[in-house]
Amino acid sequence: MRATWTMGLASAALIAVLALTGGAQAQAPDPNPNPNRGVLLYKGADRDKRLLEKARQEGTVSVYTSLAPTEGQPLAEAFEAKYGIKVQMWRGLSEAVVQRTLSEARGRRHAVDVIETNGPEMESLAREQLLAEFHSPFLADIPPNAIPAHRLWVADRLNFFVVAYNPRKVKAEDLPRTYEGFLDPKWKGRIALEATDAEWMGSVAKTWGEQRAMDFFRKLGAAKPEMRKGHILLVQLIAAGEVDVGLTAYYANVASARGRGAPVDWAAVEPMIARPQGIGIARQAPHPHAALLFADFMLSPQAQGMLAGMGRVPVSRAVKTDTSAMNYVMSDPAVILDESDKWQQLWDKLFMGR
């Protein structure tokens, strides 16, 4: 049985999502209780048996995700094969996932069961009170810093910002241990940044402190690194030899290209920033049992192992990968939302000439 897949198109950047959600702190609790609370938080000894029976009675689960079809489709098919429950999967870029979910909720059309996308976008949906807290036995395998305090969504994968390089042009041993090492004049004209990575700058600043970070970023901006829009494009240019080093590449893109034999590799230069990407259950999910079962599946070693095999970074400590022992700093999606304008303006001034 194959999952039903619909392609969606993003129509705006995250800044538009912030405008839709108000970019504010979490709203006051909704006086109307979550209709699925009893289902989603049940911890009785018969939980798994009861959940599967009820989920099969519902028969289907609707998932909105920003996972690529080559990743989402195998996961959906594995879920269907395991549980006999049909997955209806709609795919869009993260901003489109948020906008579709918001639009349907405001129109009182409760069609989605599960949302899976970038952490900041998940946080914006939580602030709109569109997600519900849920319990899963697999939460025990998730690091505490991957579970927001409100527990309205949970990280199911990570996106690492890494330094990507062409090993035909750069020796791994010549790469600096920290980003500040790229201020050495020998790197001038050899490095590039992805043009939309203001979030990375803000996360580095939160890690180092603003004084140290802004000293670094001002000097980096003065060195005039190449600005290339598109994380996949950045990795492609490095593999093609047009760029020696990319400071803000996505690990998954590098791992995928390297797996296909492209001359590109990555290094964990400090601070290595990890952006959580998460899964949540819609507060008004029409198939709450199937939704919870799908969330269980995505957090289970089976699905987490599948994500690892696709070059993604699984969040579960039950699955070991070549990034498991890496030191990294988890970015805070709430801070990203609250300070988006600040870091975007600084980024534009220092790197985009605006």
Problem set entry | Beta bridges per DSSP with both ends in the chain, % antiparallel, nearest 5 | 50
Problem set entry | Rounded tilt (10° steps) of 210-222 against the dominant C-alpha axis of the chain | 60
Exercise. With axes computed from alpha carbons, what is the tilt in degrees of helix 198-208 against the longest principal axis of the chain, rounded to the nearest 10 within 0 to 90?
Worked result: 80
Exercise. Where does each of 294, 138 land when they are ranked from fewest to most other beta-carbon atoms within 10 angstrom?
Worked result: 138, 294
Exercise. Between the helical axis of 94-106 and the dominant principal axis of the chain, each derived from Cα atoms, what acute angle in degrees is found, rounded to the nearest 10?
Worked result: 30
Seminar exercise, completed: Most exposed to least, judged by fewest other Cβ atoms within 10 Å, 40, 234 sort to 40, 234
Seminar exercise, completed: Cα-Cα longer than 26 Å, checked against 82/320; 43/206; 186/229; 219/342; 188/320, kept in input order, equals 43/206; 188/320
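Order these by the 10 Å Cβ neighbour count, fewest first: 95, 71, 104.
104, 71, 95
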Seminar exercise, completed: Between residue 317 and residue 103, the two model label points (7 Å from Cα along the beta-carbon direction) sit apart by a distance in nm of 4.2
Problem set entry | Rounded FRET efficiency, nearest 0.05, which uses the C-beta distance separating residue 262 from residue 190 and R0 of 22 Å | 0.75
Exercise. Tell me, what is the FRET efficiency for residue 348 and residue 37 to the nearest 0.05, using R0 = 41 angstrom and their Cβ-Cβ distance as r?
Worked result: 0.40
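Values in this text are rule-based calculations from the coordinates and carry no lab data. None of the values given here were measured: they were computed from a predicted structure. As a convention, Cβ positions derive from the backbone with ideal geometry for all residues, glycine included, and neighbour counts pool all protein chains shown.
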